[in-house]
Amino acid sequence: MNAAPKRIRTSVLDVAYEESGAADGAPVFLMHGWPYDPRCYDAVIAPLVAAGARVIVPYLRGFGPTRFLEQTTPRSGQQAALGNDLRELMDALSVDRAVLAGYDWGGRATCIVAALWPERVRGLVTVNAYNIQNIPGAGKPTAPAQEHRLWYQWYFQMERGRAGVEANRRELCRLLWRLWSPHWLFDDATFERSAASFDNPDFVAVTIHSYRHRYGNAAGDPKLEEIEQRLAQQPKITVPTIALQGEADGVHPPDSSAHHAAFFPGPYQRRLLPRIGHNPPQEDPGTFADAVLEMMRG
């Protein structure tokens, strides 16, 4: 049974987060993806704590017990919001510098902090390598096979898709888990432990905004525009980085990140994970934890 999450306020959120290890340990932030939640890191935490880490696993905006402070705040899921949320959480917890690790939405947040505020990052573990979206170039089509993998993103552009997420969030998310991680034989209990986080009242709004904003079909939060402008330049990441890539990833296969080394002029390693899909920390927690431990040791 997991302990009740702690809570702390940032400028727009009441963030729920789980913390393990000594309060004076080496800070590590583990950032989950969409549609997942902190349960993906349950088997990663113990070896990090044993090595002296203070492990912080937040629920992203729109997930679990995390809530917006004001009803008037835009329910934005844009990339600048995710990155800024992580930076503000570090500030709220008085963490000057940490190892950051994540995948999918959480990987995007870690890449953004590493790119824009590298002084805050001791090391980075990112799945699918460079996760910062190229929104100015989002209208350029990719290979038909990749467009097919992104079917859910096109679905979300329509009102029918928004209604579908609202009505069928568990069925949709479970389907994506299966498609994206074809060798991961998760059971009903595993899925339900995370699916409870999708009942957040802002899950649908944040989800739909995220996928519409990245294609220019929804306006961003004006308060985040300066960050979005910086991200539009596709900033490079100079901090030490380990990029993990599942060979069986059903949404971002290995060839999608094969050329990303150019975005990482600093120390960079890319590791392919056989038979692993889109959720490496839950599918292969030992390998994920080992990568984080390498970043901790510097």
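The values are calculated or read from the model by the stated rules, or taken from the named source; none is laboratory data. Model, not experiment: these values are computed from the prediction. Quick reminder, even Gly has a Cβ in these numbers, built from the backbone with ideal geometry, and neighbours come from all protein chains shown.
Quick notes on this one:
- Residues of segment 249-274 that turn out to be polar (S, T, N, Q) and outside any loop (DSSP other than H, G, I, E, B), as a count: 2
- Scanning segment 107-118 for any residue that is among the charged types (D, E, K, R) and buried (at least 24 other Cβ atoms within 10 Å of the Cβ) turns up at least one such residue.
- Test set (1) closer than 27 Å to residue 242 by Cβ; (2) surrounded by 13 or more Cβ atoms within 10 Å (Cβ to Cβ) - residue 156 fails condition number: (1)
- Condition check for residue 242: touching a Lys or Arg at 6+ places or on another chain (Cβ under 8 Å) and farther than 15 Å from residue 104 by Cβ: yes
- Filter pass, residue 20 being surrounded by fewer than 15 Cβ atoms within 10 Å (Cβ to Cβ) and not basic (Lys, Arg): no
- Taken over segment 245-271, the criterion of being touching a strand residue (DSSP E or B) at 6+ places or on another chain (Cβ under 6 Å), closer than 16 Å to residue 100 by Cβ and surrounded by 16 or more Cβ atoms within 10 Å (Cβ to Cβ) is satisfied by 264, 268.
- Residue in segment 119-138 that is more than 17 Å from the chain's Cα centre (by Cα), small (Gly, Ala, Ser) and over 20 Å from residue 7 (Cα atoms) present: yes
- When the helices (runs of 4 or more DSSP H) confined to segment 51-163 are screened for residues that are polar (S, T, N, Q), those reaching at least 2 such residues are found at 79-92.
- Close pairs from segment 272-296: first modelled with pLDDT of 95 or more and surrounded by 19 or more Cβ atoms within 10 Å (Cβ to Cβ), partner among the acidic types (Asp, Glu) and assigned to a loop (DSSP other than H, G, I, E, B), Cβ under 6 Å, at least 6 apart: 273/284; 276/284; 277/249; 278/249
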